[in-house]
1. Could you identify the single residue in ARG700, ARG684 that is at pLDDT below 80, exposed (fewer than 12 other Cβ atoms within 10 Å of the Cβ) and out of contact with any Phe, Trp or Tyr (no Cβ under 9 Å at 6 or more places or on another chain)?
2. Residue by residue through segment 473-485, note down the ones that are surrounded by 15 or more Cβ atoms within 10 Å (Cβ to Cβ) and at pLDDT below 80.
3. Could you list, in sequence order, the residues of segment 21-68 that are among the acidic types (Asp, Glu) and under 30 Å from HIS867 (Cα atoms)?
4. Being over 18 Å from SER834 (Cα atoms) and not in a strand (DSSP E or B) is the filter here; which residues of segment 845-876 pass it?
5. Which one is surrounded by the most Cβ atoms within 10 Å (Cβ to Cβ), of the residues in segment 849-869 that are among the small types (Gly, Ala, Ser) and touching a helix residue (DSSP H, G or I) at 6+ places or on another chain (Cβ under 9 Å)?
6. Would you say ALA325 is crowded, with 16+ Cβ neighbours inside 10 Å and part of a helix (DSSP H, G or I)?
7. Take the conditions loosely packed, with under 15 Cβ neighbours inside 10 Å and assigned to a helix (DSSP H, G or I) and apply them to ARG274. Does it pass?
8. Can you list the strands (runs of 3 or more DSSP E) lying wholly within segment 745-818 that have 2 or more residues being at pLDDT 75 or above, polar (S, T, N, Q) and more than 17 Å from ARG838 (Cβ to Cβ)?
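The values are calculated or read from the model by the stated rules, or taken from the named source; none is laboratory data. Keep in mind the model is a prediction, meaning the values are calculated, not measured. We place every Cβ from the backbone using ideal geometry, glycine too, and count neighbours over all the protein chains shown.
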Amino acid sequence: MIIRSLEVSNFRKFRDPLRVDGFTDGLNIVVEPNETGKSTLLEALRAAFFIRYSAKTELVRSYVPIGDDVAPRVSVGFDLKGQQWTLDKQFIKAPSVRLVGPSGRRESEAAEEALQELLGFERGNNRGTDPETRGPLGMLWVEQTKALEVESPNRIVRDSVRGVLEAEVGAVTGGRRFDAIRASVDAAYAALRTLTTGKSRGELAASEARVAAANTACHEAEGAFRDYEQLLSDLDNAKARLRIVERDLLDPETVEERRELEADVKLAETASLRSSAAEAQHGRSDELAKAAAARIERLDEAEARVEKADEEIVASQSKKADAQAAVNEASVDERARRSSLEAARKVREDAEAALTAARDRARDFAAAAGARRAVDARRALGELEERERMLAGDVALALDRKALDEIAQLEREEMAALARFEAGIVRVDLKTAYGTQLRINGVVSEVESIDVLTPTRFEIGDAGSITVHPPQATGRSMEVDLSAARARLATGLRSLDILSHAAGVARNERAASAERELKALRSQIAVACPGDLAINLAPGADALRAFVAGLGGNLAEAVAPADDLPVIEAEVSEARLKEVSAAATHEDSRAVLSKAENLLATAAANLMSATRELDTAAENLRTVLGNGDRATLQAALHEAQRDRAAKLEALEQAREGASAFDLAAIRRRMENIDRAASRAGEERLELTRMIATLEATIAREGQSGPAGRLAEAREEEVAATAACDRLRLEADTLETLRKALTDAANEASRTFLAPVTRRAARYVGRLLPGCDLSFDDGLSLAGVTRAGIDENCVDLSRGTQEQLAILTRLAFADLLLEDGAPISLILDDPLVYSDDARLETMTDILQEASQRMQVILLTCRSKAFRHVDGNRITLP
């Protein structure tokens, strides 16, 4: 099938009629930006072929442009098996359909039925959403994003493909009888378990529920029986524990032990008090002994400090005398060297003054010479600037190229209007006899020649009349067009101040030539004003003009000075060297003097510090001695040590008496006895309550007969389990049979689908080398196998799914094409997720497919398909 043309009007965004033709037999590419209506055109094709003209559904109402009340219309021209057909269909208002072909013209329902038979599809549900009835074209006309789904072909295509495949591989094993058996087994199995998940249902589910309920009841009965027996055991245990607790509460040994512990506590507290008092007395005597020993140590330190201070004073006095002698010597040397430095500085200053005067004289000479050169350069610059102004004026006369092109267009329009005017008029030359009256359109006239633009009647006296009809009936309009064209041209010429387009072109050429010369002249001006550092003249014409203007009319005479600058500069350098040398020696003497003064200051400070240290040490010694002497301090130390030894002996005796009792252990034992008695009392109360509760519960539960209920529950569990096992065995048998039938069907399906797999593998192998395909019973691509790994289609990337969906469609198209089915492939915005390499492979495959069938690509990506060789169509 070959689509030749498509025309739509009042269809969604296409309110005005739009016709697209120029489609060829091979590859056709429609490249337009987004929202230009490519997808709408594909929807119009679907509407023309698959939606009945009389439909009033929501889909059909969506064809009407928003806000309009019009009738959508679609017209398609197509070729099928070498014959030409035309289909016109109108919806909503005055709906109609007309199919015109080699066999004549059909309308209304007859046209719809003929179209279905011609293209091999069936009448759908009028909602436009039934892909199962659209046939081959419904599978091969793929709208936006639909190519991303790897789906099975519709029912008509599956039936057609099966017909072709049966011719290749023979009838499928089993046929209808196999399907009937399989359906019967599935129905029997479905009565017991679901077909998809194998979940129990029906009698099996009820039986399993009965087993579960019986198990629950049995477990509950067993639990109740165990609970009843446990209650009896708990009652016996509670009574035994109560007897033990009551016996423990009345134990006489425990009472006697507590009285003895109370007596031990009193003795232990008395011994502890004695030990604490002895420890406090020993601590006081120990502190007194330590204080006496510390005073002796401070006395030793004070005496050593006084002796050391005396030695430091003697050493400091000697160092101060040596430092004073060094300062006197360094001071004399510094004064001598300072005098030498002042003399060298005076020589250097005189030499620099002479050099400065010589340089000022040289600078004045250079400034006068530079000013002379600047005046000469300014005079030359004036001539160049005058030429620059002339050229700038010529450049300013340049006309805008766009305005000049408009003048050319106006001249062409004036010439075209003149040509139309001259071609549409009739010139009539008149010559009458003397005295004969001439009337033109009833008006007396004496002209000898007239241009006739409209039908004109000439009356020649009483001899009769002649009516002249010019060859066109629009002469007046041509005259008006000519006048308007001339007026527009004149207005344009006046606005640009030129006589013609040629004059404007010549004017622009002069301006361009002047611009080129002006550029060269400005370069020359820049070279003529290089600047002069000697007179602080910057480069450029503006700086030169400002400098010369600042000179005024008077120029100083340039007289060369007689100074020998190199000799003077050498004298200055020599003076500077001598000054630097004198300054260095003076600085060294100053450093020696400063160092000597620092040593003197340090020695003085040390002497002062040693004197203060001696005074402080003597005062400290007097403070340590107080009113006594060393012998008094020694006697106090011996007395404190004897008292400390006596107090230590008393402390040891007190500690020995306290260690005989462990007061904390005694108190812990008493607390444990009291706590045990308290807990025993609480436990007796709790056991009394527990015994009462257990006796009441046993009396109540014994009336319901737990043993009898357990026996009944076990009987029900055995019966329910036997019934459930019988139904499960039946379901398992049916499942085994279904699996055997499925394996047989899969084996037959693999043989049956081999031709499809071979055709698809030719394409897929170029895209995914080494990849094997697998199809399901619905002829849908189920998965791929790469490197021995099985992958479901849904797990592949979006780009790979889209590519496989297109290639499997091509494989089915090849099969249907061999069967003579109407085939045409239309892809809307395809391969949007393909990388560069796969995009090139896919476009190569589509180009090859276009040699067997018509392929139409609708895309907004001109760059992606720029390399593809095909017929390119542009929407008007």
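1. Of ARG700, ARG684, the one residue that is at pLDDT below 80, exposed (fewer than 12 other Cβ atoms within 10 Å of the Cβ) and out of contact with any Phe, Trp or Tyr (no Cβ under 9 Å at 6 or more places or on another chain) is ARG700.
2. Correct list: GLY475, MET478, GLU479, ASP481, LEU482.
3. ASP21, ASP25, GLU32, GLU35, GLU43
4. Listed by number, the residues that qualify are GLU848, ALA849, SER850, GLN851, ARG852, MET853, ASP869, GLY870, THR874, LEU875, PRO876.
5. ALA849
6. Judged against the criteria, ALA325 is not a match.
7. Criteria not met by ARG274.
8. So the answer is none; nothing clears 2.
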